[in-house]
Every structure is written in C-alpha cells, then in structure tokens.
Amino acid sequence: MVIALGGNSLVKENSNNSAEDQLEVVQSTCKHIVGLVKKGFEVVITHGNGPQVGFNLLRSEAAKEQLPPQPLDVCVAETQGSIGYMIQQSLVNEYRSQGIDKDVVTVVTQVKVDADDDAYSKPNKPVGPFYEKEEARQLMHEKGWDMVEDSGRGYRRVVASPQPVEIVEYRAIRALIEQGFTVIACGGGGIPVTGKEGKALAGSAAVIDKDRAGSLLAGLLDADILVIPTGVSKVSLNFRQPDQVDLGTISLEEARLYLEQGYFAAGSMGPKIEAAVTFLEAGGNEVIITLPELIEDAVLGNAGTRIR
C-alpha cells in the first residue's frame, strides 16, 4: 500500500502553521498508519508539500535583503527533509509504543521531468497559504505571481507542475522496502530534475504533484492499494455547490467519465483522480481518497471514496 499524504492535510489551518503544529498533525496521522501496519499491510509513504514549500518561498522572499533567494527545487528538497523527518520520527515512536520492531527511513528523492513539458508555460500547481481576493490581486501586481482561486477556499500562488517520468532513486527505495524498512519517498512529488539519458541531472523550477508521483511509485512497486488522504472525507461532484454529491464506491470507468466532464479542479482534486486512473490502468486494485484520520476505516470499507 502506498499512502500519499496531502500537504494541506498536514497543517491545521492558516493561523497554525508552525513546526510544532505540523508535528502534532503528523503524529496523529501516523497512529492511523501504524494501525494499518498492525493489520498486516506493508506501507510506503509519500507526501505533499504545497503549503510548506510556499512557506519556505515566503521566508526566502522576506529575507532577500540578507540572503539570496532559494530556488524552487531546493525548497522542495528542504521540505522533503523536514516533513520526512517528522513522519519518520512519529512512525518510529508509534512503532515502539506498539511493540513493533521496524525501522523507518526517508529517501531524499529526485524525480525526472521533461524540460519541454507544456506545464512550464501553464502554471497550475497551488503552493503556500490561502489569500483573500484583494490580497491575491496585490501580490500578483507586486511580485508577479500567478494566482488562482482554489476550490472555494481562497486564492493561492501557482507554479509549474510537470508530469513525473522517472524516479531517480527507485532502486534504492525498492531495496530498502525489501529489507523490511518503512520507506518515505518522493516527498512533495520529488525534487524536479531534468536530464537526458546519460546526461547530468539539473534541478528545475517546478513542483511535481505528489499524487502523480505517488501513482508512478505505486505502479513501479506493484502496490495493491493507493491511499490518498486529503482535506475532505469523500470526493464530491459539484464541490461546495448546493447540488454537491459525495461519492462512495465508483468504478474506474466512472472516474474517467467524471474527469472528462470537468468535475474536478485542475490544481486540487483533478490530479488525485488522474493519479487514481493511472494507477488502476497500470494494474492496481483500488484507490482510496479520504481524510487522514479516516484511512483505517476507509481501508476497511467504512469511509471515504473508493475507486476500483
């Protein structure tokens, strides 16, 4: 089972985004993950970093008079380390408290993208906090940021989000899993790098969607289940509209149809459904989308949206 934790699901709310607040949320989430391990599931974890990489970019912007700004790929690497550390520590502590003899490791992971991907001319991946409309308009004018409205929750900065094509450290990840480690990998979708076969790798100014990277990783690992914890309990049609419809169990064909009909936002639920479709088409059995605290219940069939 590959569990792709959402970056937004790891923060409480805009007013509570300190390291201590995030650690508290991670600790709670890891209890549910260990609950699945106790039930016999072998888990591999990846995670988003949209809010966190945005916070790092804001810090870099605020300190630009004293220090050079951090490039986007380095911000992704930093969040892989910081979020990975929190998950790693929380899992180890929970394993010990439950009497489980298992080690945890975070792999700082590079993921190849195509330098000619159309995404570079069409930024659509939200990063950072939510803003009110007027504040977003001011930031667009002052900083030249691209901003979009995100699922009725406010406005966010968007950056390029190219498709992942190769996981550079895949052999190391697989070897660690085979040795019995719980592995955290491809955090934030992986550090985006470009480079033709046999050529040097180079970082790229982008953020890869973690669900797409998680789907790629799950397919390579021949996982049975891809779990996508996020900020809602179920996937919905007409989200936050008077005629909202929550989805329980749906087929791969239904998921494809709803995606084609435009029910899911490009920078929000859209990539999750795309990732689900890709994983199932590659041979996976099931995708589960729900809140982090409901993943145990969802895996047992009692919560969330299941795509089969």
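Quick check on this structure: which one of Ile33, Ile100 is β-branched (Val, Ile, Thr) and closer than 21 Å to Lys210 by Cα?
On inspection, the qualifying residue turns out to be Ile33.
Here are some conditions: (1) within 21 Å of Pro292 (Cα to Cα); (2) open to solvent by 80 Å² or more (accessible area, probe 1.4 Å). Pro68 meets all but one. Which one does it not meet?
Checking Pro68 against (1) within 21 Å of Pro292 (Cα to Cα); (2) open to solvent by 80 Å² or more (accessible area, probe 1.4 Å), the one that fails is (1).
Go over the candidates Glu13, Glu42 one by one and state the one that is modelled with pLDDT under 90, surrounded by fewer than 23 Cβ atoms within 10 Å (Cβ to Cβ) and of a type outside the set (Phe, Trp, Tyr).
Step by step, each of Glu13, Glu42 is checked, and only Glu13 is modelled with pLDDT under 90, surrounded by fewer than 23 Cβ atoms within 10 Å (Cβ to Cβ) and of a type outside the set (Phe, Trp, Tyr).
Inside region 210-308, counting only strands (runs of 3 or more DSSP E) that do not spill past its ends, which hold 2 or more residues that are under 23 Å from Lys112 (Cα atoms) and open to solvent by 20 Å² or more (accessible area, probe 1.4 Å)?
Correct list: empty, since no element meets the threshold.
Among the residues of region 143-182, which ones are among the aliphatic types (A, V, I, L, M) and in contact (Cβ under 8 Å) with a residue 24 or more places away in the chain?
The answer is Val148, Val158, Val159, Ala160, Val165, Ile167, Val168, Ala172, Ile173, Leu176, Ile177.
Report the residue count in region 107-142 for those that are under 20 Å from Ala62 (Cα atoms) and open to solvent by less than 80 Å² (accessible area, probe 1.4 Å).
So the count comes out to 8.
Taking the condition in contact (Cβ under 8 Å) with a residue 24 or more places away in the chain and within 24 Å of Val148 (Cα to Cα), does Ala266 pass?
yes
So which of Ile307, Ile250 is under 21 Å from the mean Cα position of the chain (by Cα) and over 23 Å from Val148 (Cβ atoms)?
Being under 21 Å from the mean Cα position of the chain (by Cα) and over 23 Å from Val148 (Cβ atoms) holds for just one of Ile307, Ile250, which is Ile307.
Scan region 143-173 for residues that are part of a helix (DSSP H, G or I) and either open to solvent by less than 60 Å² (accessible area, probe 1.4 Å) or out of contact with any strand residue (DSSP E or B) (no Cβ under 9 Å at 6 or more places or on another chain) (or both) and jot them down.
Hits for region 143-173 are Tyr170, Arg171, Ala172, Ile173.
From (1) closer than 26 Å to Ala223 by Cβ; (2) open to solvent by 80 Å² or more (accessible area, probe 1.4 Å), pick out the condition that doesn't hold for Lys102.
Going through (1) closer than 26 Å to Ala223 by Cβ; (2) open to solvent by 80 Å² or more (accessible area, probe 1.4 Å) one by one, Lys102 breaks only (2).
Any residue in region 71-90 that's open to solvent by 30 Å² or more (accessible area, probe 1.4 Å) and modelled with pLDDT under 95: show its pairings with residues that are assigned to a helix (DSSP H, G or I) and not β-branched (Val, Ile, Thr) at Cβ separation under 8 Å, as long as the two are six or more apart or on different chains.
Between residues of region 71-90 that are open to solvent by 30 Å² or more (accessible area, probe 1.4 Å) and modelled with pLDDT under 95 and residues that are assigned to a helix (DSSP H, G or I) and not β-branched (Val, Ile, Thr), the close pairs are Glu78/Asn56; Ser82/Ala19; Ser82/Gln52.
Would you check which residues across region 265-304 are within 18 Å of the chain's Cα centre (by Cα), more than 24 Å from Lys125 (Cα to Cα) and among the aliphatic types (A, V, I, L, M) and list them?
Leu294, Ile295
Suppose the filter is of a type in the set (Phe, Trp, Tyr), more than 26 Å from Met86 (Cα to Cα) and out of contact with any His (no Cβ under 6 Å at 6 or more places or on another chain); does Phe181 pass it?
It is false that Phe181 is of a type in the set (Phe, Trp, Tyr), more than 26 Å from Met86 (Cα to Cα) and out of contact with any His (no Cβ under 6 Å at 6 or more places or on another chain).
Taking region 181-193, which residues are in contact with a Gly (Cβ under 8 Å, 6 or more places away or on another chain) and open to solvent by 10 Å² or more (accessible area, probe 1.4 Å)?
Ile191
I'd like the full set of residues that are modelled with pLDDT under 90 and under 18 Å from the mean Cα position of the chain (by Cα), limited to region 119-152.
Pro123, Asn124, Lys125, Pro126, Val127, Gly128, Pro129, Phe130, Asp150, Ser151
For (1) modelled with pLDDT under 90; (2) within 12 Å of Ile225 (Cβ to Cβ); (3) among the hydrophobic types (A, V, I, L, M, F, W, C), each residue gets a yes or a no:
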{"residue": "Tyr258", "(1), (2), (3)": "no, no, no"}
{"residue": "Lys272", "(1), (2), (3)": "no, no, no"}
{"residue": "Phe279", "(1), (2), (3)": "no, yes, yes"}
{"residue": "Ile288", "(1), (2), (3)": "no, yes, yes"}
{"residue": "Asp297", "(1), (2), (3)": "no, no, no"}
{"residue": "Arg306", "(1), (2), (3)": "no, yes, no"}
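Looking at (1) within 27 Å of Gln89 (Cβ to Cβ); (2) over 14 Å from the mean Cα position of the chain (by Cα); (3) open to solvent by less than 70 Å² (accessible area, probe 1.4 Å), which is the only condition Glu178 fails?
Looking at each condition in turn, Glu178 falls short on (3).
The values are calculated or read from the model by the stated rules, or taken from the named source; none is laboratory data. Computed from a predicted model, the values in this text were never measured in an experiment. Reconstructed Cβ throughout: ideal geometry from the backbone, glycine too, with neighbour counts over all protein chains shown. Note: accessible area is taken over every heavy atom of the protein model, side chains too, but ligands, DNA and RNA are not part of it. Shrake-Rupley method; radii C 1.70, N 1.55, O 1.52, S 1.80 Å.
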